[in-house]
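Data first, discussion second: the structure below is written as structure tokens.
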Amino acid sequence: MAFEIELCASESCEGITVVDKTGFFASDNPYGYNAPPTPNGEVPTLTTGGVFGYSEYTLNIFFAVAGGVDMDTDPPPTPNYTANLLTWPHAIDTDTGYVTWSFTKEQLGVEYIRSGWWVFRGEGVWINSDDEEYTYDINNTTGFIGYLQEQVDTMMKSANPKKCGGCKNGCKDPYELFLLFSPLTCWAAECQNYDAFTTHVDYLINNTPPCPC
């Protein structure tokens with residue numbers, strides 16, 4: 001085992017939040033920032049003031065799209081947004097060493113955080129005391145469902161159980177749509193359900209709220 005950047009992403013009311021959860025070196029976190037040198041080399045540093053020892057720390061963000069983000073194309077897709085994590089405002093938990101960045105919808109240039117798989121790729125470049133350069137990759141794929149949750153909540157508040165199954169031709173039954181939404185809360189954290197998650201999200205985005213029964 002060797003040093004790796006652990007990055008997590010989540011939705012917020014304002015946009016998205018990204019957290020470097022690599023943490024400080026500790027007895028239960030032997031490969032955290034500031035760990036002693038190992039046969040594999042030195043470990044990047046991080047101060048309690050939130051200053052990284054990286055010479056570069058970049059995050060590329062790929063927004064969710066219909067059909068899912070295909071990272072295997074040649075050439076690969078262009079990121080929708082790129083952030084310099086060294087200069088972007090961030091906060092640090094001085095006990096754990098977790099570092100948090102926030103990106104608003106306005107900063108990302110979107111009206112809402114589209115539900116679906118969001119992909120986060122990037123790298124940290126560390127130059128040790130012997131001028132040896134190490135590059136550590138960031139790879140994270142996270143399923144967001146907040147936008148759909150709002151759509152489904154609105155739909156169910158106005159749903160009429162007396163009309164269940166009696167919608168006009170071409171309209172969708174809100175209760176059937178709700179049953180399609182339910183698995184997404186579990187699948188959002190499971191990349192092995194990438195295709196099923198994408199299919200459900202795309203279908204629901206196109207059909208909620210349904211036309212009046």
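Just so you know, all these numbers are worked out from the coordinates, no wet-lab data involved. Bear in mind the structure is a predicted one, so any value in this text is a computation, not a measurement. No Cβ is skipped: glycine too gets one built from the backbone with ideal geometry, and neighbour counts run over all protein chains shown.
Data for the structure
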{"item": "Ranked by how many other beta carbons lie within 10 Å on average, peptides 113-124, 92-103, 141-152 from highest", "result": "113-124, 141-152, 92-103"}
{"item": "Residue-count net charge about TYR54 - beta-carbon cut-off 12 Å; Lys, Arg +1, Asp, Glu -1", "result": "-4"}
{"item": "Cα gyration tensor category, rounded, prolate or oblate, for region 107-158 with a/c compared to 1.5", "result": "prolate"}
{"item": "Region 38-67 residues near the modelled ALA2 label - backbone nitrogen below 13 Å, point 7 Å along Cα→Cβ", "result": "38-44"}
{"item": "Whole-Å distance, taken between Cα centres, linking region 79-113 and region 1-62", "result": "14"}
